[in-house]
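Colleague: This is the structure I want to talk about, given as structure tokens.
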Amino acid sequence: MNSEGAGSASGSGSARSAVPALQIAPRQDSRRWLALAFIAVAQLMIALDATIVNIALPSAQRALGASDADRQWVITAYTLSFGGLLLLGGRVADLLGRKRAFLIGLAGFALASVVGGSAPNFEVLVASRAVQGAFAALLAPTALSLLAVAFTEPKERATAFAVYGSIAGSGAAIGMLLGGVLTQYFSWRWCLYVNLPIALAAGVGGWVYVSGSDARGRGSLDLLGAALAGAGLVAIAYASSSQSALLFAAGGALLGLFVVRESRTTAPLLPLHILADRVRAGAYISVGLALAGMFGAYLFLTYYLQAVLHYSPLQAGAAFLPITVGSQSASWLIARRLMPRVPPRALMVPGALVTAAGLALLTQLHVDSGYATVVLPAELLLGAGLSTMMVPAFSTATRGVEPRQAGVASAVVNATQQVGASLGTAVLNSIAVAATAAFVGPRPVAIVHGFAQATAVGAGIMLVAGLVAAVLINAPRPQFRPTTG
């Protein structure tokens, strides 16, 4: 198999002695494409779970007697656990072997989902969501690293990452729709139970088709590094929502200690040379900023549709479908076709600009705005722009890493997504609440005004993401290599 930059990680002199990574199958073997399908199913489950519970949350809150102050923990417990443990999950995947880690992640995620669906009280539901996030932190980097080491020829890599990127870009909107259907016609509990059949299908397919040398890496787990990184991210997340300067400083100090720890330990959780590569670092920063600017839009649109336009859960979920249409169209018609032919930033920068335009359009929302005149075109722009940006970003973030560290590199890009989404949502929500409180006028008008102010900041963050991609990601277009067989 011809490799595109594998074994040439920046700053590493030991790439040639690396333990061979899992090869799903030789390139000529069609089993790899079947494996891709089941890996995509697993990624869809993770993407769905980021939003499927959102629409079910009011019903779960009433059923379990949770307070308004506590209900956000159903979302926060998942995202903080997910983002805080991703680096550890990527390292565990490298040590266990990626196929083994993939199957363990699926099993754990499914079990936690069943426990959450049958939760007798609110505390059990929150705990199960935290466990879901922990197993997602193992599963997500494993799935991405499977693609990174198996698809290296430019055209095949473009197709594989188009599948991954389209799911990552549209899964949140699909989760909204599915959450509306399950909540309205069955029960909020099915928003968790639904993960069981998905995980079983992905697990059976992965067991059969994800084949080859599932070699384990060597080394130990940097548990102190994991604790420092996790505590730092949690502190910053709380600081973003509570506007606590002291907590923010504490989080920054913990992350600083994490960097010091990683520079000195012999078995780092995050080898710093992975971040030393300019192009890869640019991809990580761009992804984090993009999700920070974008994810608040899901929260604001959900509330706008249900609280202002008085949509039912199913109607609100269906109203997000244009994001999926835009995402799928851009992944297959733009990113997949152009990735092998143009430099990454030639897609990432325009994608960021289109997404920023969609966010800017949402700042024009009013209480009496029509769905077709503002929300629909904005959603199409958001889906198309984000997908055009994310597909090459995922590929760029994992290219050129030595195979034994593919799990860590994949974990970093997933971590930047989760951290960006968590911090962005917290910051933008605080802006929206403050703007709403300061507005003099009817309550519905004040709410929409707050959303518009926060979304304008989100559009600005998205523009910064595009600027970072333009300046840092100077990689050339992929080089075609002749295929064999």
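The values are calculated or read from the model by the stated rules, or taken from the named source; none is laboratory data. As the structure is a computational prediction, the values presented were derived from the model and not from experiment. Heads up, the Cβs are rebuilt from the backbone with ideal geometry, glycines too, and the neighbour counts pull from every protein chain shown.
Colleague: I'd like to know if region 121-137 contains one or more residues that are modelled with pLDDT under 75 and among the aromatic types (Phe, Trp, Tyr).
Modeller: No, the conditions are met nowhere in region 121-137.
Colleague: Next question. Can you confirm whether ALA110 is within 17 Å of the chain's Cα centre (by Cα) and surrounded by 20 or more Cβ atoms within 10 Å (Cβ to Cβ)?
Modeller: So ALA110 does not fit the description; no.
Colleague: Another question, then. Answer with yes or no whether VAL210 is surrounded by 17 or more Cβ atoms within 10 Å (Cβ to Cβ) and at pLDDT below 85. Give the derivation first.
Modeller: On the way: surrounded by 17 or more Cβ atoms within 10 Å (Cβ to Cβ): yes; at pLDDT below 85: yes.
Yes, satisfied.
The rows are residues; the columns are (1) more than 23 Å from the chain's Cα centre (by Cα); (2) modelled with pLDDT of 50 or more.
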{"position": "ASN2", "(1), (2)": "yes, no"}
{"position": "GLY7", "(1), (2)": "yes, no"}
{"position": "SER17", "(1), (2)": "yes, no"}
{"position": "ARG32", "(1), (2)": "yes, yes"}
{"position": "ASP49", "(1), (2)": "no, yes"}
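Colleague: Inspect region 264-276 for any residue being touching a Ser or Thr at 6+ places or on another chain (Cβ under 7 Å), surrounded by fewer than 20 Cβ atoms within 10 Å (Cβ to Cβ) and farther than 20 Å from LEU85 by Cβ and give the result as yes or no.
Modeller: The answer is yes; a qualifying residue exists.
Colleague: Take the residues in region 354-374 that are of a type in the set (Ser, Thr, Tyr) and either part of a helix (DSSP H, G or I) or under 27 Å from the mean Cα position of the chain (by Cα) (or both); name whichever of them is surrounded by the most Cβ atoms within 10 Å (Cβ to Cβ). Even if it seems obvious, please write down each step before you answer.
Modeller: Here is the first cut: in region 354-374, the residues of a type in the set (Ser, Thr, Tyr) are 355, 363, 369, 371, 373.
From the residues that got through so far, the ones that are either part of a helix (DSSP H, G or I) or under 27 Å from the mean Cα position of the chain (by Cα) (or both) too are 355, 363, 371, 373.
Working: THR355: 30, THR363: 17, TYR371: 15, THR373: 11.
Among those residues, the one meeting the criterion is THR355.
Colleague: If you check VAL342, VAL349, which single one turns out to be more than 18 Å from ILE174 (Cα to Cα) and not in a helix (DSSP H, G or I)? Spell out the reasoning first.
Modeller: Numbers: VAL349 fails: not in a helix (DSSP H, G or I).
Sole residue among the options that is more than 18 Å from ILE174 (Cα to Cα) and not in a helix (DSSP H, G or I): VAL342.
Colleague: Checking the condition within 28 Å of VAL433 (Cβ to Cβ) and in contact with a Leu (Cβ under 9 Å, 6 or more places away or on another chain), which residue from GLY282, GLY288 passes?
Modeller: The match here is GLY288.
Colleague: Here's a check for you: in region 219-234, which residue that is surrounded by 15 or more Cβ atoms within 10 Å (Cβ to Cβ) and of a type in the set (A, V, I, L, M, F, W, C) is farthest from ALA267 (Cα to Cα)? Let's see the steps before the verdict.
Modeller: Of region 219-234, the ones surrounded by 15 or more Cβ atoms within 10 Å (Cβ to Cβ) are 222, 225-234.
With the extra rule that they be of a type in the set (A, V, I, L, M, F, W, C), the set shrinks to 226-229, 231, 233-234.
Details: ALA226: 12, ALA227: 15, LEU228: 15, ALA229: 15, ALA231: 20, LEU233: 21, VAL234: 24 Å.
Out of the qualifying residues, it is VAL234.
Colleague: Do we find that LEU254 is modelled with pLDDT of 85 or more, in a helix (DSSP H, G or I) and surrounded by fewer than 21 Cβ atoms within 10 Å (Cβ to Cβ) in this structure?
Modeller: Details: modelled with pLDDT of 85 or more: yes; in a helix (DSSP H, G or I): yes; surrounded by fewer than 21 Cβ atoms within 10 Å (Cβ to Cβ): yes.
Yes: the conditions hold for LEU254.
Colleague: Against the definition (touching a helix residue (DSSP H, G or I) at 6+ places or on another chain (Cβ under 6 Å) and part of a loop (DSSP other than H, G, I, E, B)), how does PRO392 come out, yes or no?
Modeller: no
Colleague: Looking at region 430-446, can you tell me whether even one residue there is touching a residue at least 60 places away in the same chain (Cβ under 8 Å), touching a Phe, Trp or Tyr at 6+ places or on another chain (Cβ under 8 Å) and crowded, with 19+ Cβ neighbours inside 10 Å?
Modeller: Yes.
Colleague: If you don't mind, another one. For region 257-289, what are the residues that are charged (D, E, K, R) and not in a loop (DSSP other than H, G, I, E, B)?
Modeller: ARG261, GLU262, ARG264, ARG278, ARG280
Colleague: I've got another one for you. Filter region 56-96 for residues that are part of a helix (DSSP H, G or I) and charged (D, E, K, R); which is modelled with the highest pLDDT?
Modeller: ARG62
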